[in-house]
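The values are calculated or read from the model by the stated rules, or taken from the named source; none is laboratory data. These numbers come from a predicted model, not from an experiment. Backbone-built Cβ (ideal geometry, glycine too); neighbour counts: all protein chains shown.
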Amino acid sequence: MAEQRRLRLFRGTRERGELKEYQVAAGEGMVVLDAVHAIQAEQAPDLAVRWNCKAGKCGSCSAEINGKPRLLCMTRMSDYAPDETITVTPMRAFPVIKDLVTDVSWNYEVNKRIPAFQPRKPDAPDGTWRMYQYEIERPQEFRKCIECFLCQDVCHVLRTHEKHEQFMGPAMLVRAAVYEMHPLDEADRRDYLRHEGGIGFCNITKCCTEVCPESITITDNAIIPLKERVVDANYDPLAALWRKLTG
Amino acid sequence: MAPAASDLRTHNYDVVVIGAGGAGLRAAIEASAQKAKVALVCKSLLGKAHTVMAEGGAAAALGNVMSEDNWRVHFRDTMRGGKMHNNWRMAQIHAQESPDRINELEAWGALFDRTPDGRINQRPFGGHTYSRLAHVGDRTGLEMIRVLQDKGVHSGIEVHMECTIVRLFLVSGKIAGALGYFRETGRFVLFKTGAIVIATGGIGKAWQITSNSWEYTGDGHALAYEAGAQLIDMEFVQFHPTGMVWPPSVRGILVTEGVRGEGGVLKNSAGERFMFRYMPDMFKGDFAETEAEADAWVKGERKKNRRPPELLTRDVVSKAITREIAEGRGTPHGGVLLDIASKQNPDYIKQKLPSMYHQFKELAHVDITKDAMEIGPTTHYVMGGVKVDAETQESTVPGLYAAGEVGGGMHGANRLGGNSLSDLLVFGRRAGQYAAGKRGAAAAIPDAEVEQAMRETLEPFERQGENPYAVQSALQAVMQRDAGIIRDKAGLENALAELEKLKTRARKVGVMGSREYNPGWHTAIDLRSLLIVSEATARAGLERTESRGAHTRSDYPDSDERQAREQIVIKKEGDRMTVRRETQPPLPADLMALIKEGK
C-alpha cells in the first residue's frame, strides 16, 4: 500500500547548498518529519534536522514546506497531491547551520533582555496569591507558545527586512505579553517594548497569527494591546494641548 | 581524524548540570541561588526537553480542592502505587515538600488553572486518593518549563545548548569534570568541576513503541554507570496505558491520563467497560463498583461515590489493556477504546484537553468530542535509575548527583501520574543545593584521559561500517519483544544474548560526512548508552523472580513479599555488569502506621 513520494530537501550550509531529490515509501498517516527520518535512516545518515517530541508540543522541527513555514511533525504527507514533489527548506529568517537546521540563538538573546516577572506582594498570609480563571485566560493563551519561531520566520520585518537588531519579533512580543498581562506582575515593560523591542515596526499584517501552530491570536490579543499600552505610556496631555492650540 | 588540542574548549564551573528538563533547570536555579557558578548543558535547545510533553499535572497535597488532603495521604498513595518498593524517605520528602515547590512556581510566574475561590486548581488522577494535580489544561509541563527557563536565564546560569556529554572524569574517586561535544560544530568541550548533577531523564528510546523523544537514550544512567555509580530498580519500566496506536507513524505518542481524570472510560471492542473486572486486592473498596457510581463521581459527587476503576494505577491499567487485546477483544489496529465523547460535552473537552483535541484531529483525523480514541500501552518512564542519598541526591560516587527520572528509588515499582513533575522540582532543588555545597577547586584531569575519550568519540568516522540507525532499530525490536510489558526467563535471556551481538555491531558502525550537525554520528554515540540501559533492564528483570508493579513475569505471575523491599543493584566491575540484591531499610513504625491507616 506504500506509495512512492518525491521530496526535495535543502542540503548544505550557510555558504553553499542545493536542493536534493529523494524517494520515500509513504505509509498511512505519515507526516513530513517521518519522511525526512526515513531518508536519514536509509539514504542520508548525515542529514541534519532538529526534532524532539514529534507531537507538536516542543516546536523543534520548524522548517518551510513548499515555501510555507510549518512544523514538520504536524504536516501530513497526504495534505499534498500524490504526484506533487514536496520541497523542504530551512527557515529563511535565520542563518542556516546545516541542511534543515537553523541558528535560532538570536531568539534566546532577545528573551534574556525582556524585563523579568515581578509579582505583587502575596495576597494571603501563607504567601500565596488569589487569581481567577477569567483573569488568566489571556496570558494562558500566550503560554501555549511552543517557541517554534515560525511566526518570526514569516514576519516580513525579520524575513525580508532583517531588522533583527531593532525588532524583537512576534514570538518575543508574545513572551513579553505573558507577563505584561499577568495579573500579579508589577514590572513595566513599555519603555523596553517601544525602544529596544521596536514594537512600532509591526504593521499588523497578521501573518504571524496565520502561521501559529498553536492558534495563538498573536496580533489581536498580544501585539495590538501591547501597542496600545506603549502609546498610552507616551501620551503627554500638555503636548497634546499645545498641538491642539497651535494646530 | 585525530583530535587536535585546538579542538578542545575548556570551562571551569562550581556546578555542572547535565540536562535541562524540569529537574536540571530546578537544580541549576538552586545552585545559582547558593552563589555557585553554574553551567546547564543540554542535548537539545533550551525549553525543548521532555518535560514539555508532561500533560496531566504536578501532584502536591495543597488541599485546595479537597481539604482532607495532606502529605501523609500523598505519601501513602505513593508507597501503595509503588507496591511498597519505594525508598520511603524519598517518598516522604517528596510528599512533604511538593506543595512548597508548586507555590514557588507561582511566585515565579506560573499560571496554573484556578479554583472558583482563586487558588490553584487540582484534578483527580490515577492512584491519588484526592484531587491533587496542579495543572494547566493538558500542557502542565510546558508551563513549568517556560517558568523555570525564564527564572533560569535571569539567574545568571550559563547555558550550553545542543551539547552532548560523552564522559565523566574522576580523580581519586571524586568527580573532576565532563567531556562533551557541540552538535553544531562537532567540537569538544571540557567542563572542569567538582560537582555534577545528572538530570538527563529516561531510557524510553530503547523500545519501539514509546512516548519518549530521541533524547531519551539513557545517557545519564550510562554516564553514571561508567563512572562507577550504582543503578537500582532498572527492571521497573512504566508502560503508560494510553498511547496512540493509529496511524502507524504516531504509534506510541502519549494520550494524557487527564482524559480519564476528566471522565474518559476504557472499552473493549465489545463495548464493555472492562476495568471493573481488574480490581487488585490492594485497592478493593477504594474504587467504584458500578458504572452508575463511577459516573456520579465524574459528575462531581465525590463524597458519596468512589473513583472510576479507569483511575487505577498505570501498571494495573496497562496490564488489563494488554490482556483484553491478547484475548481478542481489541480493535483491528491492536488497541482498545478510550471514550470521553459520551461522558463530557464538546466545550468542556476542548477547554480541559485542548492539546489532545488538537493532536487527534491533526494526526489521526479523529474528533475526540465525537468519537472514541484508539489507544494502547506505550513505553513511558523508568522508575529505576542512579542510586542516590534521599536527602542530598548524591550518588555512590562523590560529587555526582542525580535528580528527576534518572534518579532511582522514589517511585518504587510503579510511578503515580503527576508524581514526576513534583519529583523533579523537589529533588532537582535538593540536588542543586547540595551540589553547590560541594564546590571547591576540581582536581586536574590527566590530558591522556581526555584525549582518549575524544579519540573514542571520533572513531565511527574512521570506519566504513554499518549504519548506526540499523543497529538502533534492531535494539528497539529486541527490547520491545523480550523486555516489554510481559516478560519471562527465556525472553530476557534471549534479550541478553541479542544485546551481546548488538554490542559487537555497535563497535563497528561507521558514519559519513563531517562532524558538523551529523545525526548519524550522534546516533552512533547514543548507542553506547542504549546498550548499557537495555542490558541493565534485562539483567535486573531476570533477577527479579516475581511480578511487582510495572515488572510482570509470566513465569512468576505473583508478588513475593520477601522480595518487596529487595533492590536489584547494577554496577560496573572491570568490564562486566554485575547484579546483586540489597535489602532496603524497613519503614519506621510511624510511617508504617500511615500506610495501614488507609486500609
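Within segment B:114-125, the residues that satisfy the criterion of being touching a Ser or Thr at 6+ places or on another chain (Cβ under 9 Å) and either more than 9 Å from every other protein chain (Cβ to nearest Cβ) or surrounded by fewer than 24 Cβ atoms within 10 Å (Cβ to Cβ) (or both) are B:Arg119, B:Asn121, B:Gln122, B:Arg123, B:Pro124, B:Phe125. Evaluating B:Thr217 against the criteria (1) closer than 24 Å to B:Ser355 by Cα; (2) modelled with pLDDT of 95 or more; (3) under 13 Å from the mean Cα position of the chain (by Cα) leaves one unmet condition, (1).
Candidates B:His50, B:His128: the one that is crowded, with 24+ Cβ neighbours inside 10 Å, within 19 Å of the chain's Cα centre (by Cα) and facing chain A (nearest Cβ under 9 Å) is B:His50.
Just one of B:Lys503, B:Lys508, B:Lys596 is within 26 Å of B:Glu235 (Cβ to Cβ) and either in contact (Cβ under 8 Å) with a residue 12 or more places away in the chain or outside the structural domain of B:Gln464 (by TED's automatic domain parsing) (or both); which is it? The unique qualifying residue is B:Lys503.
Scanning segment A:138-188 for residues that are part of a loop (DSSP other than H, G, I, E, B), charged (D, E, K, R) and at the interface with another protein chain (Cβ under 9 Å from one of its Cβ atoms), we see that the one that is surrounded by the most Cβ atoms within 10 Å (Cβ to Cβ) is A:Glu147. Inspect all residues belonging to segment B:547-554 and state whether any of them is buried (at least 19 other Cβ atoms within 10 Å of the Cβ), free of Cβ contacts under 8 Å to residues at least 24 places away in the same chain, under 30 Å from B:Trp88 (Cβ atoms) and more than 14 Å from chain A (Cβ to nearest Cβ). Checked segment B:547-554: at least one residue is buried (at least 19 other Cβ atoms within 10 Å of the Cβ), free of Cβ contacts under 8 Å to residues at least 24 places away in the same chain, under 30 Å from B:Trp88 (Cβ atoms) and more than 14 Å from chain A (Cβ to nearest Cβ).
Filter segment B:132-190 for residues that are modelled with pLDDT of 95 or more and of a type in the set (Asp, Glu); which is nearest to the chain's Cα centre (by Cα)? The residue in question is B:Glu143.
When you look at A:Ala93, is it in a loop (DSSP other than H, G, I, E, B), at the interface with chain B (Cβ under 9 Å from one of its Cβ atoms) and of a type in the set (Gly, Ala, Ser), yes or no?
no
Return the only residue of B:Arg515, B:Arg455 being assigned to a helix (DSSP H, G or I), over 23 Å from the mean Cα position of the chain (by Cα) and charged (D, E, K, R). Result of the check over B:Arg515, B:Arg455: B:Arg455.
Does B:Met410 satisfy the criteria of being farther than 30 Å from B:Tyr13 by Cβ, buried (at least 24 other Cβ atoms within 10 Å of the Cβ) and in contact with a helix residue (DSSP H, G or I) (Cβ under 9 Å, 6 or more places away or on another chain)? The answer is no for B:Met410. The C-beta contact set for segment B:359-378 (first residue within 14 Å of chain A (Cβ to nearest Cβ) and without any contact (Cβ under 8 Å) to a residue 24 or more places away in the chain, second residue crowded, with 18+ Cβ neighbours inside 10 Å and of a type in the set (Phe, Trp, Tyr), distance under 9 angstrom, 6+ apart or interchain) comprises B:Val366/B:Trp246; B:Val366/B:Phe360. Considered as a group, the residues in segment A:101-137 that are more than 10 Å from chain B (Cβ to nearest Cβ), of a type outside the set (Ser, Thr, Tyr) and outside any helix (DSSP H, G or I) include one that is surrounded by the most Cβ atoms within 10 Å (Cβ to Cβ), and that residue is A:Arg120. Could you tell me whether A:Arg16 is touching a Gly at 6+ places or on another chain (Cβ under 8 Å) and either farther than 19 Å from A:Val211 by Cα or within 12 Å of another protein chain (Cβ to nearest Cβ) (or both)? Criteria not met by A:Arg16.
Exactly one of these conditions fails for B:Glu162: (1) more than 9 Å from chain A (Cβ to nearest Cβ); (2) closer than 30 Å to B:Leu527 by Cβ; (3) charged (D, E, K, R). Give me its number. B:Glu162 satisfies all of (1) more than 9 Å from chain A (Cβ to nearest Cβ); (2) closer than 30 Å to B:Leu527 by Cβ; (3) charged (D, E, K, R) except (1).
The number of residues in segment B:67-83 that are surrounded by fewer than 20 Cβ atoms within 10 Å (Cβ to Cβ) and in contact (Cβ under 8 Å) with a residue 60 or more places away in the chain comes to 2. In segment B:270-285, of all residues being modelled with pLDDT under 90 and surrounded by 13 or more Cβ atoms within 10 Å (Cβ to Cβ), the one that is farthest from B:Arg548 (Cα to Cα) corresponds to B:Phe283. No other residue among B:Ala483, B:Ala477, B:Ala524 is touching a Ser or Thr at 6+ places or on another chain (Cβ under 9 Å), among the aliphatic types (A, V, I, L, M) and not assigned by TED's automatic domain parsing to the domain that holds B:Gly220 apart from B:Ala483. Here B:His154 passes the criteria (1) facing chain A (nearest Cβ under 10 Å); (2) in contact with a strand residue (DSSP E or B) (Cβ under 7 Å, 6 or more places away or on another chain) except the one numbered (2).
What do you reckon, is B:Gly201 surrounded by 24 or more Cβ atoms within 10 Å (Cβ to Cβ), at positive phi and within 14 Å of chain A (Cβ to nearest Cβ)?
Details: surrounded by 24 or more Cβ atoms within 10 Å (Cβ to Cβ): yes; at positive phi: yes; within 14 Å of chain A (Cβ to nearest Cβ): yes.
For B:Gly201, the condition - surrounded by 24 or more Cβ atoms within 10 Å (Cβ to Cβ), at positive phi and within 14 Å of chain A (Cβ to nearest Cβ) - is met.
In segment B:140-152, the count of residues that are in contact (Cβ under 8 Å) with a residue 40 or more places away in the chain and part of a loop (DSSP other than H, G, I, E, B) is zero.
Of all residues in segment B:363-386, those being in a strand (DSSP E or B) and under 22 Å from B:Ile485 (Cβ atoms) number 11. Between A:Phe94, A:Phe167, the distinction of being among the aromatic types (Phe, Trp, Tyr) and touching a Gly at 6+ places or on another chain (Cβ under 8 Å) belongs to A:Phe167 only. If you go through segment B:478-520 and keep only what is small (Gly, Ala, Ser) and away from every other protein chain (no Cβ under 14 Å), you end up with B:Ala483, B:Gly484, B:Ala490, B:Gly491, B:Ala495, B:Ala497, B:Ala506.
Is it fair to say B:Ala31 is of a type in the set (Gly, Ala, Ser) and over 16 Å from B:His411 (Cβ atoms)?
Values: of a type in the set (Gly, Ala, Ser): yes; over 16 Å from B:His411 (Cβ atoms): yes.
Yes: the conditions hold for B:Ala31.
Residues in segment B:555-579 that are in contact (Cβ under 8 Å) with a residue 12 or more places away in the chain and surrounded by fewer than 12 Cβ atoms within 10 Å (Cβ to Cβ): B:Asp558 only.
Filter segment B:345-373 for residues that are polar (S, T, N, Q), touching a Lys or Arg at 6+ places or on another chain (Cβ under 8 Å) and either at pLDDT 95 or above or surrounded by fewer than 19 Cβ atoms within 10 Å (Cβ to Cβ) (or both) and give the result.
We begin by selecting, within segment B:345-373, every residue polar (S, T, N, Q); these are B:345, B:351, B:355, B:359, B:369.
If we keep only those that are touching a Lys or Arg at 6+ places or on another chain (Cβ under 8 Å) too, we end up with B:355, B:369.
Within segment B:345-373, B:Thr369 is the sole residue that qualifies.
The residues on offer are A:Cys58, A:Cys73, and the sole one that is within 14 Å of chain B (Cβ to nearest Cβ), outside any loop (DSSP other than H, G, I, E, B) and either surrounded by fewer than 20 Cβ atoms within 10 Å (Cβ to Cβ) or within 17 Å of the chain's Cα centre (by Cα) (or both) is A:Cys73.
For the structure I just gave you, tell me whether A:Leu7 is modelled with pLDDT of 95 or more, outside any helix (DSSP H, G or I) and more than 30 Å from B:Met356 (Cα to Cα). Spell out the reasoning first.
Working: modelled with pLDDT of 95 or more: yes; outside any helix (DSSP H, G or I): yes; more than 30 Å from B:Met356 (Cα to Cα): no.
The answer is no for A:Leu7.
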